[in-house]
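Participant: Encoded as structure tokens, here's the structure I'll be asking about.
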Amino acid sequence: MIRFLLNDRLVEVEDTASDTTVLDYLRANADTTSAEPAANEKRTGTKEGCCSGDCGACTVVVGEPEGDRLKYNTMNACIALLPSLHGKQLLTVEDLAGSAHPQDNPNNKSELHPVQQALVDHHGSQCGFCTPGIVMSLFALHHEPPENKPDILEALGGNLCRCTGYRPLVDAAESLANGQPDDQFFRHRAETLSRLQAIEHQGSVSGNGAFIPATEDEFARYLVENPDARILAGGTDLGLDVTQQLKKINKLVLVKSIPSLQTIHEEDNELVIGSAVTYRSLKPILSKYFPEFAQMLDRLGSQQIRNQGTLGGNIGNASPIGDTPPVLLALDASLDLRHGDTLRNIPLNRFFLDYKKTELKSGEYIARIRIPTTPHQLKVYKLSKRYGDDISTVLAAINLETSDDGHITRARVALGGMAAIPRRADLCEQILTGSPLNQKTLSQAKAAIRQEFSPMSDVRASSEYRLVAACNLLERYFMELSGQNVRIICHA
């Protein structure tokens, strides 16, 4: 039985299909499954826009235990599946005005929440369709005050509607930046945290096609016995099977409640990352070891996606335009794959076989990702239609080692969007290795890229554009590595 808090009310879901999205649940029957008296029948403040996790109209907030504190994160309700709420607190725009606690509001006076009032005061209220999602993004930001304006832009980057213009929304956020949250959620955070931890301590749960294991051993055994089960981590891609492909998912196993898959540690000059670690949790450690990788994460989806999406999911999805695999290939990452009690490690370069086909065996899963922390000269370049919250057209991750005399001693050139899988440019790497860092070598390497890649043409770019772009990105790397200033020209 799935248990979570809808604001402050305990909800127990038993008969709802496990592939129901959080958005459909909210708009159809959110309060009919409550274990406590309901205040409303349906919650229709949360809207459906794109239904693919892009526009932000469906943004809600989830409160999750993080150590001894309660952390609020935004989430796209349109692609999040209901079991992912287990052990969390779900907040919608209906929860913000007034108070759920009578002692906080004895006269039952309905007042706007500070973030709602800030939007009104700074003329940021819009037609009403996308405003609830913007309110929820500002709510999460209010509970984790921004350090600077880029933090505000990042928090709002997943809410694409700009009916009133961008400035009023930023002004509203800035007006809240210096104040500590003083709302019912902040005042009752210890109580909420205790209730969520009580759900967590109940151990593994199952019901109506979903299994939520408490330990990795339970997960490994279940997957061996049920190899047809779909693994749900962040669900930022799996949810699209439901909303865009209209597929039915009859058997789900969730991994984000498993502590061992959410750890990051250093071991023998390697960074060892659990497959269920989210992009946002990963960024601080990547900033220390691989700043270029960390900067690229800022362009991977939106804040809502980075809050939920996981590194293991991005790899296991095996998309040819996944953003992290080319970077990991350039860093010689490897994977720990587990089947039952058996563990094996393989280089990531051997993991991708063909379009959406991987080295994973039936009942096997990605347990951990290992990245060597040896010295590197990594650069990551992402080309897309929008700067943020967009799919890559081409992503290049290049990592060359050079000797004191200017020769390339080791080459890694990995590309996304250029083939049926994320892959290294083997012929290009062969030409680069042992060659001097000069124009002749660059010309030969660019010719090799054209020889070994035949990218497809689609709505994002033509095949020729991708080839030219990949070659130009390699040239840019050469220029930056040799200390030349690179002038970036943007055409509006």
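The values are calculated or read from the model by the stated rules, or taken from the named source; none is laboratory data. If you're wondering where the values come from, they're calculated on a predicted model, not measured in any experiment. Every residue, glycine among them, receives a Cβ derived from its backbone with ideal geometry; neighbour counts consider all protein chains shown.
Participant: Scan region 142-159 for residues that are under 17 Å from the mean Cα position of the chain (by Cα) and part of a loop (DSSP other than H, G, I, E, B) and jot them down.
Facilitator: Listed by number, the residues that qualify are GLY157, GLY158, ASN159.
Participant: Could I ask something else about it? Of all the residues that make up region 277-302, how many are more than 15 Å from the chain's Cα centre (by Cα) and in contact (Cβ under 8 Å) with a residue 60 or more places away in the chain?
Facilitator: Looking only at region 277-302, we keep the residues that are more than 15 Å from the chain's Cα centre (by Cα), and these are 285, 287-292.
Subsequent filtering for residues that are in contact (Cβ under 8 Å) with a residue 60 or more places away in the chain retains 289-290, 292.
Of the residues in region 277-302, 3 are more than 15 Å from the chain's Cα centre (by Cα) and in contact (Cβ under 8 Å) with a residue 60 or more places away in the chain.
Participant: So, one more: Please find, among ASP336, ASP390, the residue that is more than 14 Å from the chain's Cα centre (by Cα), among the charged types (D, E, K, R) and either farther than 27 Å from MET75 by Cβ or modelled with pLDDT under 95 (or both).
Facilitator: Numbers: ASP390 fails: more than 14 Å from the chain's Cα centre (by Cα).
One residue alone meets the criteria, ASP336.
Participant: Another question, then. Six or more apart or on different chains, Cβ atoms under 8 Å: show the pairs whose first residue is in region 15-29 and under 10 Å from CYS78 (Cα atoms) and whose second is assigned to a helix (DSSP H, G or I) and small (Gly, Ala, Ser).
Facilitator: Once the first residue is under 10 Å from CYS78 (Cα atoms) and sits in region 15-29, its partners that are assigned to a helix (DSSP H, G or I) and small (Gly, Ala, Ser) give THR21/GLY239; VAL22/SER84.
Participant: If you scan region 124-160, which residues turn out to be touching a Cys at 6+ places or on another chain (Cβ under 9 Å) and closer than 12 Å to ALA173 by Cα?
Facilitator: Hit for region 124-160 is ILE134, nothing else.
Participant: Within region 12-23, identify whether any single residue is modelled with pLDDT of 95 or more and of a type in the set (A, V, I, L, M), and answer yes or no.
Facilitator: So far as region 12-23 goes, yes, one or more of its residues are modelled with pLDDT of 95 or more and of a type in the set (A, V, I, L, M).
Participant: Okay, next question. How many residues does region 402-440 contain that are part of a loop (DSSP other than H, G, I, E, B) and hydroxyl-bearing (Ser, Thr, Tyr)? Reasoning before the result, please.
Facilitator: Pass one, region 402-440, residues part of a loop (DSSP other than H, G, I, E, B): 403-406, 417-422, 425, 433-435, 437-438.
Within this subset, residues satisfying the condition of being hydroxyl-bearing (Ser, Thr, Tyr) are 403, 433, 435.
Summing the residues that are part of a loop (DSSP other than H, G, I, E, B) and hydroxyl-bearing (Ser, Thr, Tyr) in region 402-440 gives 3.
Participant: How many residues, within region 43-76, are hydroxyl-bearing (Ser, Thr, Tyr), within 17 Å of THR20 (Cα to Cα) and assigned to a strand (DSSP E or B)?
Facilitator: Going through region 43-76 one residue at a time, the tally reaches 1.
Participant: Next question. (1) outside any loop (DSSP other than H, G, I, E, B); (2) exposed (fewer than 15 other Cβ atoms within 10 Å of the Cβ): which one isn't true of ALA397, the others all being true?
Facilitator: Tallying (1) outside any loop (DSSP other than H, G, I, E, B); (2) exposed (fewer than 15 other Cβ atoms within 10 Å of the Cβ), ALA397 fails exactly one: (2).
Participant: Are there any pairs, at least 6 apart or on different chains, whose C-beta atoms fall under 7 Å, with the first in region 216-228 and more than 15 Å from ASN250 (Cβ to Cβ) and in contact (Cβ under 8 Å) with a residue 60 or more places away in the chain and the second surrounded by 15 or more Cβ atoms within 10 Å (Cβ to Cβ) and among the charged types (D, E, K, R), and if so, which?
Facilitator: ALA220/ARG338
Participant: Let me ask something additional. In this structure, does ASP332 turn out to be in a loop (DSSP other than H, G, I, E, B), crowded, with 16+ Cβ neighbours inside 10 Å, in contact with a strand residue (DSSP E or B) (Cβ under 7 Å, 6 or more places away or on another chain) and among the acidic types (Asp, Glu)?
Facilitator: Details: in a loop (DSSP other than H, G, I, E, B): yes; crowded, with 16+ Cβ neighbours inside 10 Å: yes; in contact with a strand residue (DSSP E or B) (Cβ under 7 Å, 6 or more places away or on another chain): yes; among the acidic types (Asp, Glu): yes.
Against the criterion (in a loop (DSSP other than H, G, I, E, B), crowded, with 16+ Cβ neighbours inside 10 Å, in contact with a strand residue (DSSP E or B) (Cβ under 7 Å, 6 or more places away or on another chain) and among the acidic types (Asp, Glu)), ASP332 qualifies.
Participant: Among the residues of region 426-446, how many are over 14 Å from TYR477 (Cβ atoms) and either under 35 Å from the mean Cα position of the chain (by Cα) or in contact (Cβ under 8 Å) with a residue 60 or more places away in the chain (or both)?
Facilitator: 4
Participant: Hey, any hits in region 464-473 for a residue that's under 24 Å from ARG386 (Cα atoms) and at pLDDT below 95? Break it down into steps so the answer makes sense when it comes.
Facilitator: Of all residues in region 464-473, those under 24 Å from ARG386 (Cα atoms) come to 464-473.
Adding the requirement that they be at pLDDT below 95 leaves none.
No, region 464-473 contains no residue that is under 24 Å from ARG386 (Cα atoms) and at pLDDT below 95.
Participant: For region 124-151, give me each residue that is more than 21 Å from PHE185 (Cα to Cα) and crowded, with 21+ Cβ neighbours inside 10 Å.
Facilitator: As a first pass, look at region 124-151 and keep what is more than 21 Å from PHE185 (Cα to Cα): 124-130, 147-151.
Passing the criteria: GLY124, CYS130.
Participant: What's the number of the condition GLY274 fails, among (1) of a type outside the set (Phe, Trp, Tyr); (2) touching a helix residue (DSSP H, G or I) at 6+ places or on another chain (Cβ under 6 Å); (3) on the phi > 0 side of the Ramachandran plot?
Facilitator: That leaves (3) as the condition not met.
Participant: A further question follows. Quick check, is SER334 among the small types (Gly, Ala, Ser) and either touching a Ser or Thr at 6+ places or on another chain (Cβ under 7 Å) or closer than 27 Å to GLN197 by Cβ (or both)?
Facilitator: Working: among the small types (Gly, Ala, Ser): yes; either touching a Ser or Thr at 6+ places or on another chain (Cβ under 7 Å) or closer than 27 Å to GLN197 by Cβ (or both): no.
Criteria not met by SER334.
Participant: Please go through region 107-141 and pick out each residue that is over 20 Å from GLN303 (Cα atoms), in contact with a Gly (Cβ under 9 Å, 6 or more places away or on another chain) and assigned to a helix (DSSP H, G or I).
Facilitator: PRO114, ALA118
Participant: For the subset of region 350-377 comprising residues that are farther than 25 Å from PRO227 by Cβ and crowded, with 18+ Cβ neighbours inside 10 Å, which member is nearest to the chain's Cα centre (by Cα)? So that I can check it myself, show each step before the final result.
Facilitator: Narrowing region 350-377 to residues farther than 25 Å from PRO227 by Cβ: 371-377.
Still in the list and also crowded, with 18+ Cβ neighbours inside 10 Å: 371, 376.
Details: ILE371: 19, HIS376: 25 Å.
Filtering first and then ranking leaves ILE371.
Participant: Please go through region 175-191 and pick out each residue that is among the hydrophobic types (A, V, I, L, M, F, W, C) and not in a helix (DSSP H, G or I).
Facilitator: Residues of region 175-191 among the hydrophobic types (A, V, I, L, M, F, W, C): 176-177, 185-186, 190.
Matches in region 175-191: ALA177 only.
Participant: Right, another one. Identify, by number, the condition in (1) touching an Asp or Glu at 6+ places or on another chain (Cβ under 6 Å); (2) farther than 22 Å from LEU70 by Cα that ASN208 doesn't meet.
Facilitator: Of everything listed in (1) touching an Asp or Glu at 6+ places or on another chain (Cβ under 6 Å); (2) farther than 22 Å from LEU70 by Cα, ASN208 misses just condition (1).
Residue-wise test of (1) modelled with pLDDT of 95 or more; (2) buried (at least 21 other Cβ atoms within 10 Å of the Cβ).
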| site | (1), (2) |
| --- | --- |
| THR215 | yes, no |
| PHE219 | yes, yes |
| VAL224 | yes, no |
| ALA229 | yes, no |
| ALA233 | yes, yes |
| GLN245 | no, no |
| MET296 | yes, yes |
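Participant: Considering only residues of region 41-89 that are touching a strand residue (DSSP E or B) at 6+ places or on another chain (Cβ under 8 Å) and among the small types (Gly, Ala, Ser), which is surrounded by the fewest Cβ atoms within 10 Å (Cβ to Cβ)?
Facilitator: GLY63
Participant: Return the total of residues in region 78-106 being at pLDDT below 80 and part of a loop (DSSP other than H, G, I, E, B). Break it down into steps so the answer makes sense when it comes.
Facilitator: Taking region 78-106 and keeping what is at pLDDT below 80, we get 98-106.
Of the ones still in play, those that are also part of a loop (DSSP other than H, G, I, E, B) are 98-101, 105-106.
Qualifying residue count for the region: 6.
Participant: While we're looking at this one, here's another question. Mind listing whichever residues of region 245-276 are of a type in the set (Gly, Ala, Ser) and within 16 Å of the chain's Cα centre (by Cα)?
Facilitator: In the first step, residues of region 245-276 are kept if they are of a type in the set (Gly, Ala, Ser); the result is 257, 260, 274-276.
Listed by number, the residues that qualify are GLY274, SER275, ALA276.
Participant: So which of ARG412, ARG423, ARG460 ends up being surrounded by 17 or more Cβ atoms within 10 Å (Cβ to Cβ), farther than 13 Å from PRO326 by Cβ and in contact (Cβ under 8 Å) with a residue 60 or more places away in the chain? If you could, list the steps in order and put the result at the bottom.
Facilitator: Working: ARG412 fails: farther than 13 Å from PRO326 by Cβ; ARG423 fails: farther than 13 Å from PRO326 by Cβ.
From the options ARG412, ARG423, ARG460, the qualifying one is ARG460.
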